[in-house]
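To keep things clear, I will list the structure first and then write my remarks on it.
The values are calculated or read from the model by the stated rules, or taken from the named source; none is laboratory data. Note that the structure is a prediction, hence the values are computed from the model and not measured. Note that each Cβ is placed from the backbone with ideal geometry, even for glycine, and that neighbours are counted across all protein chains shown. Ligands, DNA and RNA are stripped out before the accessible areas are found, and what is left, the full protein with its side chains, is counted by its heavy atoms. Shrake-Rupley method; radii C 1.70, N 1.55, O 1.52, S 1.80 Å.
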Amino acid sequence: EVSVSELGLGYESDETVLFRYCSGTCDGALRSYDLSLRSMRSSRRIRKEKVRARPCCRPLAYDDDVSFLDAYNRYYTVNELSAKECGCV
């Protein structure tokens, strides 16, 4: 559980929400694309540093939308906040 303010989305609120997140490695999900990209990077055929040569653990589905009141009594709803299901993408 974290306060809405701690989420870093720019809202000021002391209300708390349940924030579920994904973590872990995805080495078992390597595909031909990932192996080829890794090879191209290691041989310096692709030089962009931001290219990832392996899948990463990300949400595949999200919990219900989260609604809250901010410190100024304004009502907000945030969608796709808390992970419901994770997987390698």
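Residues in region 77-87 carry Karplus couplings, in order, of 10, 10, 9, 6, 9, 10, 5, 9, 9, 10, x Hz; the curve used is 6.51 cos²θ - 1.76 cosθ + 1.60 with θ = phi - 60°, and Gly or Pro positions show x. With respect to the chain, whose longest principal axis is taken over its alpha-carbon atoms, helix 32-42 is tilted by about 70°. Between Asp70 and Arg47, the simple label model (points 7 Å from Cα in the Cβ direction) yields a spacing of 4.4 nm. The residues of the chain expose on average 79 square angstrom of accessible surface per residue, using a 1.4 Å probe on protein heavy atoms.
If you take the beta carbon distance between Arg31 and Glu85 as r and set R0 to 22 Å, what does 1/(1 + (r/R0)^6) give as a FRET efficiency, to the nearest 0.05? Plugging the Cβ-Cβ distance into 1/(1 + (r/R0)^6) gives 0.65.
Which percent of the accessible heavy-atom area of region 10-89 goes to carbon and sulfur, probe 1.4 angstrom?
Carbon plus sulfur share of accessible area: 45 percent.
The GluC sites (Glu not before Pro) of region 1-76 that meet both conditions, a loop assignment by DSSP and at most 13 other Cβ atoms within 10 Å of the site Cβ, are Glu1, Glu12, Glu49.
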